[in-house]
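The values are calculated or read from the model by the stated rules, or taken from the named source; none is laboratory data. Owing to the predicted nature of the structure, the values given are computational and were not obtained by experimental measurement. Every residue, glycine among them, receives a Cβ derived from its backbone with ideal geometry; neighbour counts consider all protein chains shown. Ligands, DNA and RNA are excluded from the accessible area calculation, which covers all protein heavy atoms including side chains. Shrake-Rupley method; radii C 1.70, N 1.55, O 1.52, S 1.80 Å.
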Amino acid sequence: MAREQTEIIKERYNHTALFYDWMDRMIPKEWRRRVWQEAWGLVLEVGVGTGANFPFYPPGCRVTAIDFSPGMLARARQKLHLAGVPVDLKEMDVQHLEFGDASFDTVVATCVFCTVPDPVQGLKEVRRVCRPDGKIVLLEHVRSEHWFLGPLMDALNPLFLYLIGSNINRRTVANVSRAGIEIDREDDLAGKIVKLIVGHPREI
């Protein structure tokens with residue numbers, strides 16, 4: 001079932017790649033800066049999309065950037081000149097990462113785990129490939145706990161999932177913990193719906 005969902009969402013993102021840059025403007029540059037100031041060393045960016053984060057890669061990093069959508073990667077390749085560090089683009093699904101254990105100093109994702117069919121499995125893979133003394137940095141929108149907004153997001157979620165393959169009601173903070181990632185910091189960026197989550201692999 002997860003494989004079927006992955007193919008459906010991949011196809012949707014292949015179609016939306018042409019106008020995804022416009023959608024990506026919803027993430028302010030300041031948020032991207034806050035995310036990438038946390039990164040160091042060998043970095044894995046999960047869900048690179050069309051490369052909106054390239055200008056924010058910090059000096060001294062070497063980045064491997066993955067996406068499961070060939071359409072997104074094609075657009076990202078056109079922007080590689082915006083990155084000031086070496087970048088290796090790969091087509092790959094975060095639910096099945098093709099890297100060895102403890103391969104990266106930092107793993108970063110910006111608004112990715114709203115789309116992954118099995119987010120806990122994807123986060124477990126993130127934990128696996130991050131070094132024990134490394135850092136996991138996630139910018140994610142989550143389901144509101146507000147008495148009205150939360151149920152509204154639940155009601156609207158099937159529409160968003162159908163149109164763009166994105167869930168708007170994921171409980172990502174809980175999923176991060178379930179995946180074996182210790183949360184060091186959780187910053188609310190917008191009404192407790194958008195969060196910057198910084199953590200590290202938990203010993204299990």
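Only helical DSSP H runs with n ≥ 4 go in: add -39500 (n - 2.57) per run for the chain, normalise by residue count and round the 222 nm mean residue ellipticity to 500 deg cm²/dmol.
On the way: 7 runs with 70 residues, N = 204.
Computed mean residue ellipticity for the chain: -10000 deg cm²/dmol.
Globularity index of region 58-115 is 1.16 (Cα radius of gyration / 2.2 N^0.38 Å, N = number of residues).
For the chain, carbon and sulfur atoms together expose 55% of the accessible surface, with a 1.4 angstrom probe and every protein chain in place. Computed over the chain with a Gaussian network model linking Cα atoms closer than 10 Å, the most mobile of 46, 108, 194 is 194.
Going by the alpha-carbon gyration tensor, a ≥ b ≥ c the square roots of its eigenvalues, is the chain rounded (a/c under 1.5) or, if a/c is not under 1.5, prolate (a/b greater than b/c) versus oblate?
Values: a/c = 1.37, a/b = 1.13, b/c = 1.20.
Note, shape of the chain comes out rounded.
If you keep only loop residues by DSSP, which chymotrypsin sites (Phe, Trp or Tyr not before Pro) in region 133-204 have at most 13 other Cβ atoms within 10 Å of their Cβ? Walk me through the numbers on the way to the answer.
Working: sites: 147, 148, 160, 162; in loops: 147, 148.
Sparse-neighbourhood loop chymotrypsin sites (Phe, Trp or Tyr not before Pro): 147, 148.
With the contact rule set at Cα under 8 Å and sequence spacing of 6 or more, what percent relative contact order holds for the chain? Kindly include the intermediate steps, with their values, before the conclusion.
Values: 413 pairs, mean separation 38.7, N = 204.
Normalised by residue count, the contact order of the chain is 19 percent.
Could you order peptides 196-202, 35-41 by the average number of other Cβ atoms within 10 Å of their residues, highest first? Write down the numbers at each step before the final one.
Numbers: 196-202: 19.1, 35-41: 17.0.
Top of the packing list down: 196-202, 35-41.
Between 153, 26, 92, where does the largest GNM mean-square fluctuation fall for the chain, given springs only between Cα atoms within less than 10 Å? Looking only at 153, 26, 92, the largest GNM fluctuation is found for 26. Pick from 42, 89, 156 the residue whose mean-square fluctuation is largest in a GNM of the chain, springs joining Cα atoms under 10 Å. Between 42, 89, 156, it is 156 that shows the largest mean-square fluctuation. Taking a straight line from the alpha carbon of residue 135, these aspartates and glutamates sit under 17 Å away, with near neighbours fewer than eight places off in the same chain left out: 38, 45, 101, 105, 125, 182, 184, 186, 187, 203.
DSSP beta bridges confined to the chain are antiparallel in about 40 percent of cases.
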